[in-house]
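**Student:** Have a look at this one.
Just so it is clear, none of the values below were taken in a lab; they were calculated from the coordinates. What you see is a predicted model; the values in this text were computed from it and never measured. All Cβ positions, even for glycine, are placed from backbone atoms using ideal geometry, and neighbour counts span all protein chains on display.
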Amino acid sequence: MEKLQQMKDTLQIHIDSIQDELNSLSQDIWSHPELAGNETKAHDRLVRFFSQRDGAWTVESHFKLPTAFRASWGPVGGEPKEGNTVLNVGFLCEYDALPDLGHACGHNLIAEVGAAAAVGLKAALDRQSELPVSVKITVLGTPAEEAIGGKIDLIQAGAFSDLDLVFMAHPAQQDASFLPTVTIEEVTVKYHGKASHASAYPWEGVNALDAAVLAYNNLSALRQQLKPEWRLHGIIKNGGVKPNIIPAYAELEFYLRTPLLKDLLNLKAKAEACFRAAALATGCQVEIIYPSHTYYNILPNATLANLYESNGKTLGIEFPEQPDLFSGSTDFGNVSFIVPGIHAFFSIGSAALNHTKEYTEAAGAEKAQLFTLRTAKALAMTAVDVVCRPDLLQQTREDFSRAKLKQEK
Ligand SMILES: [Zn+2]
Ligand SMILES: [Zn+2]
């Protein structure tokens, strides 16, 4: 136990000793906001951060995606014995910004937390020859959270397949070791009809706008029959060209969200019936397109959450008894279905809400640093617990299997 505390002290001292460097990392990302998939400056900045650390990290730039990277260190703790594999501990950095708003979701601070926690854990593990298991640290730079779901592309490319645990934290209004997030499916619906003069020979036309409006109304009627936590919300993106032309083309864009993945399939089926019914009623052709990845809900991991809270409390983090609910979606949900992990939320000392101009200011403010660094410390301390205590590692894995099984029921 004494050794465990020493390791936790070491990582805190190390993170404090490089706080200026960490601050400038997130400041540089904040001052050059880049949209999902275009984070070249942030990518280069993070690659430089890890490349310049005494050559200790193996850094792979453009790892599987143009603006993703991987930095790895280790293994330490002795050569893995026969049948004993290396425990690969992952930290995730996000760094994409929002159109017009800049870093209004504070992803520059996610990058700082991931980098700080990883180098902190390295400091704690350095020269430890007697760990219960050989340990490796992997930092993954995961782009395009806000728009495309970069982590889902990385999962499909195998970037997560050798990770045993994943850690990350996201700026919010409060501290929480876990907040349920919801699934999201984006759907684009295209109706193809036939143009005709709207006054002279309307009977010759097939009205695509009518199909879109009927679909919109079908979904509005459906909403009353849905569970309160389910969401469907959308817009008509294209509704014709001129009032005297029967619209030959109309387009809808909708988001479907449910707390659980299995319910999303159910909601999708109901929504599709609404879209198709409108096509049938008007005689239009319909195309239903899912343009991006499905974001899953985050699976809880009680062991990691409890450890994070007890470590966080020693650093002065306060966790509200009943945190406010958050109904956003993240591609970390998909990660949580394949690797045991934690996606904590942290206050940055501002009451502003994510995706507002005020939050952009808060994410770049000096004040956010204290909150960011203590979050990184709490994450790294949690990793120390799991790495040094095989019973906790086992529990973490059991929690993961249990949470996954529960999703399927
Ligand atoms: Zn966001
Ligand atoms: Zn975000």
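**Student:** Of the residues LEU131, LEU163, which is in contact with a Cys (Cβ under 9 Å, 6 or more places away or on another chain) and away from ligand 1 (no atom under 16 Å from the Cβ)?
**Tutor:** Testing whether each residue is in contact with a Cys (Cβ under 9 Å, 6 or more places away or on another chain) and away from ligand 1 (no atom under 16 Å from the Cβ) leaves just LEU131.
**Student:** Is one or more of the residues making up region 19-35 within 21 Å of LEU154 (Cα to Cα) and surrounded by fewer than 19 Cβ atoms within 10 Å (Cβ to Cβ)?
**Tutor:** The answer is yes, given that some residue of region 19-35 is within 21 Å of LEU154 (Cα to Cα) and surrounded by fewer than 19 Cβ atoms within 10 Å (Cβ to Cβ).
**Student:** Taking LYS268, is it touching an Asp or Glu at 6+ places or on another chain (Cβ under 7 Å), part of a helix (DSSP H, G or I) and not aromatic (Phe, Trp, Tyr)?
**Tutor:** Taking the combined requirement at face value, the residue satisfies it.
**Student:** From the list LYS262, LYS268, which one is crowded, with 16+ Cβ neighbours inside 10 Å and over 30 Å from LEU370 (Cβ atoms)?
**Tutor:** From the options LYS262, LYS268, the qualifying one is LYS268.
**Student:** Being of a type in the set (A, V, I, L, M) and not in a helix (DSSP H, G or I) is the filter; apply it to region 194-218 and report the residue that is nearest to ALA281 (Cα to Cα).
**Tutor:** Here the residue is VAL206.
**Student:** If you go through region 271-300 one residue at a time, how many are more than 24 Å from TRP230 (Cα to Cα) and polar (S, T, N, Q)?
**Tutor:** 2
**Student:** Out of all the residues in region 84-113, which are part of a strand (DSSP E or B) and more than 11 Å from ligand 2 (Cβ to nearest atom)?
**Tutor:** Listed by number, the residues that qualify are LEU87, ASN88, VAL89, GLY90, PHE91, LEU92, CYS93, GLY102.
**Student:** Quick check on this structure: which one of PRO243, PRO180 is assigned to a loop (DSSP other than H, G, I, E, B), of a type outside the set (A, V, I, L, M), surrounded by fewer than 22 Cβ atoms within 10 Å (Cβ to Cβ) and within 16 Å of ligand 2 (Cβ to nearest atom)?
**Tutor:** PRO180
**Student:** Right, something else. Given the conditions (1) under 20 Å from LEU405 (Cα atoms); (2) within 16 Å of ligand 2 (Cβ to nearest atom); (3) out of contact with any His (no Cβ under 6 Å at 6 or more places or on another chain), and given that PRO300 satisfies all but one, which numbered condition is not satisfied?
**Tutor:** Exception for PRO300: condition (2).
**Student:** If you don't mind, there's one more thing I want to ask. Of all residues being over 13 Å from the mean Cα position of the chain (by Cα) and charged (D, E, K, R) in region 89-116, which is surrounded by the most Cβ atoms within 10 Å (Cβ to Cβ)? Just the residue, please.
**Tutor:** Within region 89-116, the match that is surrounded by the most Cβ atoms within 10 Å (Cβ to Cβ) is GLU112.
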